[in-house]
Each structure stands twice: as C-alpha cells, then as structure tokens.
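Colleague: This is the structure I want to talk about, given as structure tokens.
Nothing in this text is a laboratory measurement; each read-out follows from the coordinates by a stated rule. The model shown is predicted, which means the values in this text are computed figures rather than measured ones.
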Amino acid sequence: TTLHRDDFFREVDRLRKTLLSIRESLKSDSASVDTSLSEQTLQKLRDIMTNSDSKMTAFAKDVMAYTLKLFTSFTEEPPCSFVVIAMGSFGRGEATPYSDLEYRFLLEHSSEQITDYFESLAVLSYFVIGALGQTKINSLDVMELNDWFVDARRHGLQCDGITNRAGNIPNGNDDDRFIKTPE
C-alpha cells in the first residue's frame with residue numbers, strides 16, 4: 001500500500017483541529033469559573049479537569065488508532081495482542097491539552113521481531129504527534145540543532161521526549177525500553 005501525502009496531512013489537520021477544539025471548549029468552561037474558593041467553584045474545577053482528561057484520553061486513543069491504521073497500511077497487522085498503557089498525567093486521570101503523552105506497550109508475548117515491530121510503531125506515533133506542530137525541537141535531543149536553533153514556540157501536546165532526561169515512551173532512553181510483556 002502507498003502512503004499518500006495528502007491523506008496524511010488531511011488526517012493530521014483533522015487531529016490538530018480536534019485538539020484546538022478541545023482547548024477552546026476547556027478555555028470557555030474555565031472562563032465561567034468565579035474566583036471564590038467556594039465548594040461550588042471547587043466542584044466546577046474538578047468537573048473541568050475530569051472533562052479535560054476524558055477529552056484528551058479520547059484524543060490520545062484517536063492518535064494511536066490512526067497511527068496503527070497508518071502503520072498497518074504499509075506493513076502487517078500486529079504480531080500479537082497488545083495494550084497501550086498511559087503514564088504520567090494521562091495515567092493519573094489529569095490530562096490536559098498541553099500534557100506530555102507518555103505511554104508504554106504491554107505485549108502478549110515477546111521476541112526480537114515483535115519488539116522491532118512495536119519500536120517502529122512507536123517511532124511512527126512520535127512522527128504523527130510531531131506533525132501536530134506542538135513538539136519543541138529540544139525535546140527530540142538533536143544535539144546538532146542546540147547551538148543554532150532556538151524554538152521559541154510554546155509547546156503543546158507532545159511525546160515525553162526522546163532524551164536522556166525523559167523518555168517515558170515505548171522506546172525509552174538508553175537501556176530502559178517500555179515494550180514488554182507482563183512478566
């Protein structure tokens with residue numbers, strides 16, 4: 001199967017618009033909160049946080065489903081059953097539209113070939129997330145860019161980072177990978 005550039009950008013644009021819509025919705029909800037510390041205000045803030053987490057979890061599932069669909073369009077179906085485990089703010093139920101996306105793959109069984117498959121799937125997910133235009137360059141640990149490129153944009157939804165300081169993503173960092181079986 002051939003990956004068509006226009007199809008990819010159309011899907012990324014849909015995802016970007018969904019993310020922006022979530023942000024606008026939450027911004028609108030937050031604007032209606034008064035500044036008192038009443039129980040009613042605190043409950044409204046809890047409701048907004050629950051709503052944020054729910055919307056962002058659905059969004060992250062959408063991103064991962066698209067990534068898997070894209071990956072299987074030019075390779076084979078997953079070689080075993082697996083689940084994506086949310087980490088960080090997503091795992092705690094505190095996800096916002098500016099959260100880092102941290103996750104792991106839990107596999108039914110493992111071999112070098114199976115791990116390679118999921119490492120490639122993970123890299124494609126970083127590419128899809130990066131295409132949303134919210135990932136700061138320094139989170140990718142491209143040392144050659146550090147001396148001459150300053151990324152002054154505010155970051156938005158992005159992977160945890162592919163650096164020695166971060167790496168709570170399937171490919172991890174250094175010796176710690178997060179593509180494992182329950183054992």
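Colleague: Under 16 Å between alpha carbons, and skipping anything fewer than 8 positions from residue 55 in its own chain: which lysines qualify?
Modeller: Output for residue 55: 17, 27.
Colleague: Please report the spacing between the Cα centers of the range 83-109 and the range 3-22 in Å, no decimals.
Modeller: 21
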